[in-house]
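Since the structure comes first, as structure tokens, the remarks are kept for the end.
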There are 2 protein chains.
Amino acid sequence: MTIKPAGPPQDSHVTAPTQFVTANGVRYAYRRFGAGTGTPAVFLQHFRGGMDHWDPAVTDGLAANRPVVLFNNAGVASSSGQTPDTVEAQADDAAAFIRALGLTHVDVLGFSIGGYVAQALTLRHRDLVRRLVLAGTKPRAGDDTDRHPDVNTVATRHEVLTLEDLRFLFFAPSPASQAAGERFWERRHQRVADVDPPTSKQTMQAQAAAIVDWKRPHGEPFADLKTITQPTLVVNGHRDIMVPTINSYYLAQHIPGAQLIVYPDSGHGSLFQYPDLFVGDVGRFLDAAVAFP
Amino acid sequence: MTIKPAGPPQDSHVTAPTQFVTANGVRYAYRRFGAGTGTPAVFLQHFRGGMDHWDPAVTDGLAANRPVVLFNNAGVASSSGQTPDTVEAQADDAAAFIRALGLTHVDVLGFSIGGYVAQALTLRHRDLVRRLVLAGTKPRAGDDTDRHPDVNTVATRHEVLTLEDLRFLFFAPSPASQAAGERFWERRHQRVADVDPPTSKQTMQAQAAAIVDWKRPHGEPFADLKTITQPTLVVNGHRDIMVPTINSYYLAQHIPGAQLIVYPDSGHGSLFQYPDLFVGDVGRFLDAAVAFP
């Protein structure tokens, strides 16, 4: 599956115009940039996050060799509609968006709750997904034992996450990781025109409800993961205080064709701490004719 | 630290002559090949294994960009002396060998019990090791819960491991993994001249005793791992029936600068199942100016 480039070759994380497509009555905001050929990579974002909250070093890095599609799911930021309160309904919305773009076969990169949605999307719309990247995420009925007790407070106390919030939530306490957090923060603000409004309280509450629902098993825990046939790359940081790192181990143990990478001295946002490593690892995984040669 | 190439540039896993160097009364057999410059990579072998039991695709792959040193530790195969019955004593022997070659700073790749020795070598001879690669291994007092009950029988029933033994011990039951085991077996027999004799019963018994001793904690389990300052890459297969995969997770959780990679649909010998992936991952790790940029 290939698509035409969305705009001139110089389109990038910073310059790609926000566009809209409608499906099931929802007007989805999206941006498309990068290479004109290759399987498009669709990104699924974290709790309360929008298109502006990705790392340009990651999105542009991966866009060098494939079309990249960022979007806001139903109800999120510049998209219309309501955010539903289950991961499965959010996955169905994401599938509707992808199909509305005319895409029939995509790679999916899900981060945090976006990784929950990516799993549900793969399980509910199996034909749509070629390869799967799961970053800082967990299976349904995962293990929250090592979650930091302050996470919920810090993740919801400001209308928009501050640098201080992000450094605590996404990075490790070491000076090296904290400094990487600051560099990420700078990259994340490179785009200043045509940016999203903050996500709403409705989105926050619905996503929080979906996160709570995701704690409950549906049948035998992790059994559905065994039915995922897509090659999968599972990535996390060494100590993720939001979605404990052991869950990445469980994902890779139960998805039959999954490789696990755990980066050192990092947290939930390891993909933003090591964008060069991450882009290299994900790029090789997505580009290989055979996923694991 | 760089060394001169051991022989003409065409030296390789198959052609490098077996040489000898003496330290502490032991005549160590070794082979050196590959690039003439770069930090030498010293390989530490598995239970009952000698120089011929590495994968040429791995050793030659890594030798493209650094000198590679294979050797037999004290008492093993073509080396003289007795194999000691603790990992720590084997590590001291390895250090004596490395120093006898005139090397002062090396990269160490340890597989299985060779990974135990690599950890002890790093902890007891800290100045000697630049970067560490630990494959299919575990910390002292690791978790053997998921060990397959037939491992000990299969690993000792033949004087030299057969293809059938290796496929069971090192590879996953899937057809893809079993086929990879057969390809490894063919590569492993490419060298037909100047090869090692089998390892002795003395080596087998002493290594078995060292493996049993390695189950016992020395003080608080895993505490010594936290003092390893070398950048470390920990690698294993999805389900290692000899040294359960969860131990690789523990290693990477406790060694401060460690990255973990777990390959899909593979076992103890994942490095021999995916030599291209492994050489790529290890090569990038060893070659990077900063280990985790």
ask   = Picking from B:VAL58, B:VAL26, B:VAL42, which residue would you name as being among the aliphatic types (A, V, I, L, M), surrounded by fewer than 24 Cβ atoms within 10 Å (Cβ to Cβ) and under 20 Å from B:ILE113 (Cβ atoms)?
value = B:VAL26
key: region A:245-293 - residue that is in a helix (DSSP H, G or I) and of a type in the set (Val, Ile, Thr) and, of those, farthest from the other protein chains (Cβ to nearest Cβ)   = A:VAL282
query = What is the residue count in region B:224-233 for residues that are part of a helix (DSSP H, G or I) and open to solvent by 10 Å² or more (accessible area, probe 1.4 Å)?
reply = 3
ask   = Among the strands (runs of 3 or more DSSP E) contained in region B:1-62, which hold 3 or more residues that are under 26 Å from B:ALA206 (Cα atoms), under 15 Å from the mean Cα position of the chain (by Cα) and at pLDDT 95 or above?
value = B:41-44
inquiry  = Of the conditions (1) under 17 Å from B:PHE272 (Cβ atoms); (2) without any contact (Cβ under 8 Å) to a residue 12 or more places away in the chain; (3) not β-branched (Val, Ile, Thr), B:LEU134 satisfies every one except a single condition; which number is it?
reply    = (2)
key: Search result, residues across region B:78-103 that are touching a helix residue (DSSP H, G or I) at 6+ places or on another chain (Cβ under 7 Å) and part of a loop (DSSP other than H, G, I, E, B)   = B:GLN82, B:THR83, B:PRO84, B:ASP85, B:THR86
request  = Check whether at least one residue in region B:147-170 is closer than 20 Å to B:PHE222 by Cα and more than 19 Å from the chain's Cα centre (by Cα), and report yes or no.
outcome  = yes
inquiry  = So the check is Cβ under 6 Å with 6+ separation or different chains; which pairs have a first residue in region A:248-266 that's farther than 21 Å from B:SER174 by Cβ and open to solvent by less than 10 Å² (accessible area, probe 1.4 Å) and a second one that's of a type in the set (D, E, K, R) and not in a helix (DSSP H, G or I)?
reply    = none
ask   = For the subset of region A:234-244 comprising residues that are open to solvent by less than 10 Å² (accessible area, probe 1.4 Å) and more than 10 Å from chain B (Cβ to nearest Cβ), which member is nearest to A:VAL279 (Cα to Cα)?
value = A:VAL235
key: Among residues of region A:193-220, those that are of a type outside the set (A, V, I, L, M), open to solvent by less than 70 Å² (accessible area, probe 1.4 Å) and touching a residue at least 40 places away in the same chain (Cβ under 8 Å), counted   = 10
inquiry  = Taking the condition of being hydroxyl-bearing (Ser, Thr, Tyr) and surrounded by fewer than 24 Cβ atoms within 10 Å (Cβ to Cβ), how many residues in region A:109-159 meet it?
reply    = 3
task = Look at A:PRO217 and say whether it is at pLDDT 95 or above and within 25 Å of B:GLY267 (Cα to Cα).
result = no
query = What are the residues in region B:228-247 that are more than 26 Å from B:LEU161 (Cβ to Cβ) and out of contact with any helix residue (DSSP H, G or I) (no Cβ under 7 Å at 6 or more places or on another chain), if any?
reply = B:THR229, B:PRO231, B:THR232
ask   = Among A:ALA94, A:ALA172, which is the only one that is under 30 Å from A:PRO197 (Cβ atoms) and open to solvent by less than 40 Å² (accessible area, probe 1.4 Å)?
value = A:ALA94
message = Looking at region A:148-174 only, could you name the residues that are among the acidic types (Asp, Glu) and out of contact with any helix residue (DSSP H, G or I) (no Cβ under 8 Å at 6 or more places or on another chain)?
response = A:GLU159, A:GLU164
note = Among the residues of region A:63-77, the number that are in contact with a helix residue (DSSP H, G or I) (Cβ under 7 Å, 6 or more places away or on another chain), assigned to a strand (DSSP E or B) and farther than 24 Å from A:MET204 by Cβ is 1
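The values are calculated or read from the model by the stated rules, or taken from the named source; none is laboratory data. Source: prediction; values computed, not measured. Every residue, glycine among them, receives a Cβ derived from its backbone with ideal geometry; neighbour counts consider all protein chains shown. Areas reflect the complete protein model, heavy atoms only, side chains present, ligands, DNA and RNA absent. Shrake-Rupley method; radii C 1.70, N 1.55, O 1.52, S 1.80 Å.
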